[in-house]
1. Apply the Karplus curve 6.51 cos²θ - 1.76 cosθ + 1.60, θ = phi - 60°, to the phi angles in the range 59-70 and return the couplings in whole Hz, x for Gly and Pro.
2. Over all directions, average the projected area of the Cα convex hull of the range 48-129 and note it in nm².
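Rule-based calculations on the coordinates, nothing more; no lab input. Everything quoted here is computed from the prediction, not taken from an experiment.
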Amino acid sequence: MVPTLWPTPTGSLCFKLNCLKKQCSLCGLHKIPLCDTKLDLANFRLMSWRRFEKVVGGKTREGEMKKVTHLEHKQTNLKMFLAYTTPKTQDFVLHNHVAQWQNNQYKSCLNQLREVEIMSLIDFTNNYSFKG
């Protein structure tokens, strides 16, 4: 039997928010075994991996430093790799859950839309705002 990381309440398509926000000690990524053998986190053998990073890539017209996304190659031990990836994985699970919830809500609203109604869909990202 595969462990459930975030159980859904009976009759709900959504997970409990406090579980997804890492506020519940009974749920989460700590329930996933990393591998079948015990990992030696004290092992200093290096491993290669890559990640996207914001790096300085020139200057703007105003002379300010401009950052660009670049694929960086890393060489770290397993402990440092897991320290970086674990919170990213938890953030992705929450992000994915929110995206699925929004998709379900959009489809539900669209199915109930009457001919005399207009639905406006606005996605705010990166702290952008809408001014009318």
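1. Coupling constants for the range 59-70: 10, 7, 4, 7, x, 7, 5, 9, 9, 10, 8, 9 Hz.
2. Values: hull surface 37.1 nm².
Over every viewing direction, the Cα hull of the range 48-129 projects on average to 9.3 nm².
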